[in-house]
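Encoded as structure tokens, the structure appears first; notes follow it.
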Amino acid sequence: MRHRDGSAGDADYGRIGIGYAAHRRPDPRIAACILDALGDARTVLNVGAGAGSYEPRDREVTAVEPSASMRAQRAADLPAAIDATAESLPFDDDTFDASMATFTVHQWSDLRAGLAEMRRVTRGPVLVLSCDPSALDRFWLARYAPEVIATEARRYPAIDTLVQMLGACDVISVPIPLDCTDGFGEAFYGRPERLLDPDVRRAQSAWSFVEPDAIDRAVRTLAHDLEHGIWDAEHGALRTAPTFDGSLRLVVSRSRQRDQ
């Protein structure tokens, strides 16, 4: 079932996606990990492409995105995205040198079908940038907004599940930089004040599944602890920690030829 704007997963980006591109800007250090994993692939498919984060500018990219709201936010120098879903990609077998999916698999209605479709249309590596749900509780937000962390843990597939479905994978732990420009939750591990901003939270889909009372409590408690130095007494060292070893993982499935 698709939402009114075409969003095909559990999150309705017609409602929460406004202004998404302003807060979810690709971080160059995370992008470098993706480029390295793409290797020498020249044709790349980006599935669940959203506003175009992490699409390489030096390759021939084909983007697939079901949400009209997200397609409308793509930069002018990016190719227009095709209105389609991961579970039914409109391409022949072995069309692309590589394919990628960043911060999207947790929103697909049928994970196994979507990954199988990516593998079907891809000759070489299939990349999935996602989060390890078993590592989400490393983030201090678990104390303030346990409902958000629980929602993320429920929605994100286990890394072992991705490996089992894709086969022959490397799993790379991606450090999150202190000044990360991609505004997912853990990106603000050392900048807690940013999570008081409703526009920042709106660009993180998990908050849209949490009851307003729980959000109000989390924001109020965090604001209090910041004002009174409680957060800094417990987590202040994170303000200068250059990276955070959180839940971010890059799963890389090797080429079909090597899988066989």
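The values are calculated or read from the model by the stated rules, or taken from the named source; none is laboratory data. From a predicted model like this one, the values you see are computed outputs, not experimental measurements. In this analysis, Cβ positions are derived from the backbone assuming ideal geometry, glycine residues included, and neighbour counts consider all displayed protein chains.
So the values come out like this:
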read-out: Those residues of the stretch 56-70 which are in a loop (DSSP other than H, G, I, E, B) and within 23 Å of residue 124 (Cα to Cα), in sequence order; value: 56, 57, 58, 59, 65
read-out: Number of the condition not met by residue 179 [criteria: (1) part of a helix (DSSP H, G or I); (2) farther than 27 Å from residue 113 by Cβ; (3) not hydroxyl-bearing (Ser, Thr, Tyr)]; value: (1)
read-out: Flag for residue 191 being at pLDDT 95 or above, within 27 Å of residue 32 (Cα to Cα) and not hydrophobic (A, V, I, L, M, F, W, C); value: yes
read-out: Qualifying residue in the stretch 71-79 (condition: farther than 15 Å from residue 105 by Cα and assigned to a strand (DSSP E or B)); value: no
read-out: Residue that is within 17 Å of the chain's Cα centre (by Cα) and of a type in the set (A, V, I, L, M, F, W, C), where the choices are 121, 126, 210; value: 126
read-out: Verdict on residue 32 being surrounded by fewer than 18 Cβ atoms within 10 Å (Cβ to Cβ) and more than 27 Å from residue 247 (Cα to Cα); value: no
read-out: Test set (1) surrounded by fewer than 17 Cβ atoms within 10 Å (Cβ to Cβ); (2) out of contact with any Ser or Thr (no Cβ under 8 Å at 6 or more places or on another chain) - residue 60 fails condition number; value: (2)
read-out: Any chance residue 163 is touching a helix residue (DSSP H, G or I) at 6+ places or on another chain (Cβ under 6 Å) and touching a residue at least 40 places away in the same chain (Cβ under 8 Å); value: no
read-out: Looking only at the stretch 25-41, and only at residues there that are assigned to a helix (DSSP H, G or I) and of a type outside the set (A, V, I, L, M, F, W, C), the one that is farthest from residue 171 (Cα to Cα); value: 28
read-out: Hits in the stretch 129-139 (condition: over 22 Å from residue 170 (Cα atoms), surrounded by fewer than 17 Cβ atoms within 10 Å (Cβ to Cβ) and in contact (Cβ under 8 Å) with a residue 24 or more places away in the chain); value: 138
read-out: Qualifying residue in the stretch 162-182 (condition: in contact with an Asp or Glu (Cβ under 6 Å, 6 or more places away or on another chain), among the hydrophobic types (A, V, I, L, M, F, W, C) and more than 27 Å from residue 240 (Cβ to Cβ)); value: yes
read-out: Criterion: among the hydrophobic types (A, V, I, L, M, F, W, C), at pLDDT 95 or above, part of a strand (DSSP E or B) and closer than 30 Å to residue 243 by Cβ - qualifying residue of 129, 115, 136; value: 129
read-out: So residue 217, is it part of a helix (DSSP H, G or I), under 18 Å from the mean Cα position of the chain (by Cα), surrounded by 13 or more Cβ atoms within 10 Å (Cβ to Cβ) and of a type outside the set (Phe, Trp, Tyr); value: no
read-out: Enumeration of residues in the stretch 88-109 that are surrounded by fewer than 17 Cβ atoms within 10 Å (Cβ to Cβ), at pLDDT 95 or above and part of a loop (DSSP other than H, G, I, E, B); value: 90, 92, 93, 94, 95
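Residue-wise test of (1) within 16 Å of residue 146 (Cβ to Cβ); (2) touching a residue at least 24 places away in the same chain (Cβ under 8 Å); (3) surrounded by fewer than 17 Cβ atoms within 10 Å (Cβ to Cβ); (4) of a type outside the set (D, E, K, R).
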position	(1), (2), (3), (4)
174	no, yes, no, yes
190	no, yes, no, yes
213	yes, no, yes, no
230	no, no, yes, yes
240	no, yes, yes, yes
